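Notes for the one structure printed next.
The values are calculated or read from the model by the stated rules, or taken from the named source; none is laboratory data. Computed from a predicted model, the values in this text were never measured in an experiment. When we count neighbours, we look across all protein chains shown, and the Cβ atoms used for this are built from the backbone with ideal geometry, even at glycine.
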């Protein structure tokens, strides 16, 4: 996929579906849902512009029988890559840098307990990433902006956290939904659920790293306000939404432990 022009030929695999009423819509929902699932599990697929990925159907009709061939490719676009990741060399360079970073973090945390690893990564991100208020980063929504540029919005923080947890073999998922901030305002938001000692807890690294004006600092009290929280606490300000995008199925997230860790 790094080539930007790779074609996936599904042949006539979806022909029976496309012959049914509403088959086109069902296939589009399946494609969007598959893309959502894939990118919520794989944080390093940040260089593809999904709007440039084209699902093409070619139909051949003989008499009353129609056969449909389906292909996924860049379609009429020169590539399906984002403009600032225009070739495979740039992509590989960025991926190699990110992989080296998380392996170094993993090496430094050898011998730590899972709780200590989660805490140290949480704190490291707060200390090294700045909330990208003005969206100056090329990639504020991905691990690239968070981990190599040090600037990201909530989705970038959450993706960066999962990317490192994956290296540490600690179960972690990316979660999206609505957050109610300290001013009582609601906004689209992203955070993580992490499994510790067989139970799931919520972590919102972004809100534990609030925007600080001037040369202020984040107090210890605020730093852990959204750290390893259970549903009784966390859901007072966060509402998960399993519809990851329009035209998608609803996904289920892991069930949080009721009490905080």
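Being closer than 26 Å to residue 222 by Cβ, under 19 Å from the mean Cα position of the chain (by Cα), in a loop (DSSP other than H, G, I, E, B) and without any contact (Cβ under 8 Å) to a residue 40 or more places away in the chain narrows it down to one residue among 188, 137, 182; which is it? Sole residue among the options that is closer than 26 Å to residue 222 by Cβ, under 19 Å from the mean Cα position of the chain (by Cα), in a loop (DSSP other than H, G, I, E, B) and without any contact (Cβ under 8 Å) to a residue 40 or more places away in the chain: 137. Of the residues in segment 62-83, at least one is under 28 Å from residue 166 (Cβ atoms), without any contact (Cβ under 8 Å) to a residue 60 or more places away in the chain and either part of a loop (DSSP other than H, G, I, E, B) or touching a helix residue (DSSP H, G or I) at 6+ places or on another chain (Cβ under 8 Å) (or both). Would you confirm, using the coordinates I've provided, whether residue 25 is outside any loop (DSSP other than H, G, I, E, B), out of contact with any helix residue (DSSP H, G or I) (no Cβ under 8 Å at 6 or more places or on another chain) and under 21 Å from residue 138 (Cβ atoms)? It is false that residue 25 is outside any loop (DSSP other than H, G, I, E, B), out of contact with any helix residue (DSSP H, G or I) (no Cβ under 8 Å at 6 or more places or on another chain) and under 21 Å from residue 138 (Cβ atoms). The residues of segment 28-61 that are part of a strand (DSSP E or B) and surrounded by 17 or more Cβ atoms within 10 Å (Cβ to Cβ), listed by number, are 48, 55.
Considering only residues in segment 142-153 that are part of a loop (DSSP other than H, G, I, E, B) and more than 21 Å from residue 92 (Cβ to Cβ), the one that is nearest to the chain's Cα centre (by Cα) turns out to be 153.
If you check 228, 256, which single one turns out to be in the same structural domain as residue 179 (by TED's automatic domain parsing) and touching a residue at least 12 places away in the same chain (Cβ under 8 Å)?
228
Looking at the structure I just gave you, is residue 206 more than 22 Å from residue 33 (Cβ to Cβ), without any contact (Cβ under 8 Å) to a residue 12 or more places away in the chain and either buried (at least 22 other Cβ atoms within 10 Å of the Cβ) or in contact with a strand residue (DSSP E or B) (Cβ under 6 Å, 6 or more places away or on another chain) (or both)? It is false that residue 206 is more than 22 Å from residue 33 (Cβ to Cβ), without any contact (Cβ under 8 Å) to a residue 12 or more places away in the chain and either buried (at least 22 other Cβ atoms within 10 Å of the Cβ) or in contact with a strand residue (DSSP E or B) (Cβ under 6 Å, 6 or more places away or on another chain) (or both). Any chance segment 86-100 includes a residue that's touching a strand residue (DSSP E or B) at 6+ places or on another chain (Cβ under 7 Å) and either over 30 Å from residue 58 (Cβ atoms) or free of Cβ contacts under 8 Å to residues at least 60 places away in the same chain (or both)? Taking every residue of segment 86-100 in turn, none turns out to be touching a strand residue (DSSP E or B) at 6+ places or on another chain (Cβ under 7 Å) and either over 30 Å from residue 58 (Cβ atoms) or free of Cβ contacts under 8 Å to residues at least 60 places away in the same chain (or both).
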